[in-house]
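Read the structure below first, then the notes.
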Amino acid sequence: MDLRDLDLRDIEIFLMLSAELHFGRTAERLHLSPARVSQVISKLERRIGGKLFERSSRTVTLTPIGRQLRDDLQTNYRDLRASLGRAARSARYGDAGILRLGITSSNLGNVRPLLNTFQSQHPHCTLHIEHVHFGNPFGALRGDDIDALVSWLPIEEPDLVVGPTLYEEPFMLLVGADHPLAQRESASYEDLADYGVFGVPPSDPVNLPPDYWTAAAVPYFTPSGRPILRTAHAANFQDLILLVAAGKAITPVHAHAARYYSRPDVTYIPMPDVPPARWALIWRRSAETDLIKDLATAAILTGGHLQIPDAEDEAADHSVASAGSRGSTS
C-alpha cells in the first residue's frame, strides 16, 4: 500500500477508531458523522486489500493487519503533527520561540527559580505554564500540547527522557475532618490497608497512568504485605478532595497540597516514615529542542536553590490556615 498520498485526516480517523473501537464515539470526538468514519475505513481497507476491523452489532475489534497498521502509524503521525506544530509556533513567535511547561502539581513555587533562570537566559521566549492532571499524566506531552513536564518519579517510559531532579517533597495523608485517623499525630502506609484509597477511573484505558507511577504515591500493598484496596476513583485533585471530605476514601498526597488546598472538612497528617517524592523534568525523546535542553541546563544550575518543603512546615502552615476547624493537623 502506497501511503504517500494518504490524507492526514484519514490517518487521524483510523487511529481514533483504533483507540475508541466505537464508530459513534470516534465520530463524536472528531466532529464527523458515523457514516463518514465508515467511509474512510472502507476506503483504507480497499487500498490495503484486507480488513482492518472486525465489526459486529455490539463490538469493534482490530484485526492483526489493523494492529500492525496502528503500530506503524502512531509514532510517525504523532511526530508529524509535532513537527507541523513546531513550525507553526516558530512562524507565530519568531526566533525567540515558545516553551510550554506542564506541571503535575499546584506548587509553582518549587519551580519558580528554574523558570526565573530560564527566562533570564531567554528573555524574549514566551513561557506557558499548564496544569497536568494525574489521571492522564503523559497525554499532553505525547500529544504535543506541552514541550516538557514536571512530574514525580519514577518514570520508565521508553519515549520519555527523565531530566534533572528538581526537588524532593514529603507525603501527607489526606483524610476527612471526621475520619477516625484525623486526630492522629502521624500516619504510615500500613494504615492504608484499614481504609479504602483512591484509584484512577478506568474510563480511558489508553491514557491511564502506569501502575508503577501511581504506586509511587499510593502503593498497592503495605510494607507488611497487606493489600491496599482502591474503593473510590478520581482523575484530578479537585474531585479527589471532595470525595475525601465526603468520607469516600483517604489518600497520601504530596505535602504542598496542605498549603494550596486547605479547607475545614479535611485534615492533613504527616507521614514521616514514607520516603519523599522526587520531582523531575521530563520531555519526549523524539521532540527534544534547543529550548528544552536549555531548560534542563537551567534546572541543573538552579537545583541547589530550589526550596524543599518540610512536612512539619507544611503541617504548621495548614494548622494556621485551618485554625478553628480543629486544634491541629498534626
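The values are calculated or read from the model by the stated rules, or taken from the named source; none is laboratory data. Here the structure is a predicted model, which is why all the values come from computation and not from measurement. Virtual Cβ from ideal backbone geometry, glycine too; neighbours counted across all protein chains shown. Just the protein is used for accessible areas: all its heavy atoms, side chains included, with ligands, DNA and RNA removed. Shrake-Rupley method; radii C 1.70, N 1.55, O 1.52, S 1.80 Å.
Some observations on this one:
- Of all residues in region 203-259 being of a type in the set (A, V, I, L, M) and closer than 15 Å to residue 191 by Cα, the one that is most open to solvent (accessible area, probe 1.4 Å): 229
- Members of region 42-60 that are open to solvent by 60 Å² or more (accessible area, probe 1.4 Å) and of a type in the set (Gly, Ala, Ser): 49, 56, 57
- Test: residue 301 is modelled with pLDDT of 90 or more and either among the hydrophobic types (A, V, I, L, M, F, W, C) or in a strand (DSSP E or B) (or both): no
- Residue, modelled with the lowest pLDDT, within region 271-293, restricted to residues that are over 23 Å from the mean Cα position of the chain (by Cα) and open to solvent by 20 Å² or more (accessible area, probe 1.4 Å): 290
- Scope region 118-169; condition acidic (Asp, Glu) and either in contact with a strand residue (DSSP E or B) (Cβ under 7 Å, 6 or more places away or on another chain) or open to solvent by 40 Å² or more (accessible area, probe 1.4 Å) (or both); matching residues: 130, 145, 147, 156, 159, 168, 169
- Considering only residues in region 241-262 that are under 16 Å from residue 228 (Cβ atoms) and not in a loop (DSSP other than H, G, I, E, B), the one that is farthest from the chain's Cα centre (by Cα) turns out to be 244.
- One residue from 184, 263, 278 being touching a residue at least 12 places away in the same chain (Cβ under 8 Å) and in contact with an Asp or Glu (Cβ under 7 Å, 6 or more places away or on another chain): 278
- Looking only at region 61-80, residues that are surrounded by 13 or more Cβ atoms within 10 Å (Cβ to Cβ) and not in a helix (DSSP H, G or I) come to 2 in all.
- Any hit, region 160-169, residues being touching a residue at least 24 places away in the same chain (Cβ under 8 Å), more than 30 Å from residue 117 (Cβ to Cβ) and among the hydrophobic types (A, V, I, L, M, F, W, C): no
- Some residue of region 59-66 being touching a helix residue (DSSP H, G or I) at 6+ places or on another chain (Cβ under 8 Å), within 17 Å of residue 10 (Cβ to Cβ) and touching a residue at least 40 places away in the same chain (Cβ under 8 Å): yes
- Within region 6-21, tally of residues that are surrounded by fewer than 16 Cβ atoms within 10 Å (Cβ to Cβ) and touching a strand residue (DSSP E or B) at 6+ places or on another chain (Cβ under 9 Å): 1
- Output for region 113-153, where each listed residue is in a helix (DSSP H, G or I), touching a residue at least 60 places away in the same chain (Cβ under 8 Å) and of a type in the set (A, V, I, L, M): 114, 141
- Within region 170-186, restricting attention to residues that are open to solvent by less than 20 Å² (accessible area, probe 1.4 Å) and either assigned to a strand (DSSP E or B) or in contact with a helix residue (DSSP H, G or I) (Cβ under 8 Å, 6 or more places away or on another chain) (or both), the residue that is farthest from residue 250 (Cα to Cα) is 171.
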